[in-house]
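Below is one structure, written out as structure tokens; the observations come after it.
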Amino acid sequence: MMRMIDSRSMRLAFVASLAALCASCSSLGAFDPGNIISAGAATQAPPGAPTGEVQEVDCPQIEVLDGTAAVRVGGQSNDSVRYQFDIANTARECHVQGNQFGIKVGVAGHLLIGPAGAPGAYSAQLRIVVRRDSDNKPQLSKVYKIEANTAGGSEAPFQFVSEPLMLPYEHKWADQDYTILVGFDTGRAGEAPKPRHRKHPN
């Protein structure tokens, strides 16, 4: 990402960061919050299960809510922006725990200081929704506070990992039943758009 050193380059960096969001939001390559988040199936023997019996779960996919991949504070023009948070990468990890399974969700991105802003510590509200795909209704919805400090500069990274979000374990193919939605909160609590990606068959 271009480092911003004046108002002109700042404007270019905001445009570049917004353009890059859709291409990077589902990538796991640069996301490494303590090596505890990964993609795909996860396994765990539930309490009391016979030796050798392992329960599996295919972790639901992550989508970034339309229009919530970035949040900026300030006016409408680039020159009046004070600061902006954007999402660069997401990840998830699932574990079976008895008759439930837990999903840890990871989100990484950047805080950018705009032409009208000043270096320092800022925060934003990140919403995580787990949608039940059979009726497109939220199974759960939580808001978290994301913080970053540029420490005198114009850009700083942030990384966030949620606590396990618990859901009923019905069968291995949880990715057929649920979708994880993330985005900066815009006041549309629990809003869950229709699925945009075809899921693989059981």
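Values quoted throughout were computed directly from the atomic coordinates according to the rules given, and no laboratory measurement underlies them. Note that this is a predicted model, so its numbers are computed, not measured. All Cβ positions, glycine included, derive from the backbone under ideal geometry; neighbour counts span all protein chains shown.
Along the Cα-to-C-beta direction of residue 172, a point sits 7 Å from the Cα; which residues of region 55-80 have their amide N less than 11 Å from that point?
Only 55-58 fall inside the zone, counting backbone N under 11 Å.
Rounded to whole Å, give me the distance from the Cα center of region 77-133 to that of region 156-184.
When both Cα centres are located, 13 Å separates them.
So if R0 is 35 Å, what FRET efficiency would residue 140 and residue 79 give, r being the distance between their Cβ atoms, rounded to the nearest 0.05?
According to the calculation, E is roughly 0.30.
Taking the highest mean first, how do the peptides 78-89, 163-174, 133-144, 103-114 order by number of other beta carbon atoms within 10 angstrom per residue?
The densest-packed peptide leads the list: 103-114, 78-89, 163-174, 133-144.
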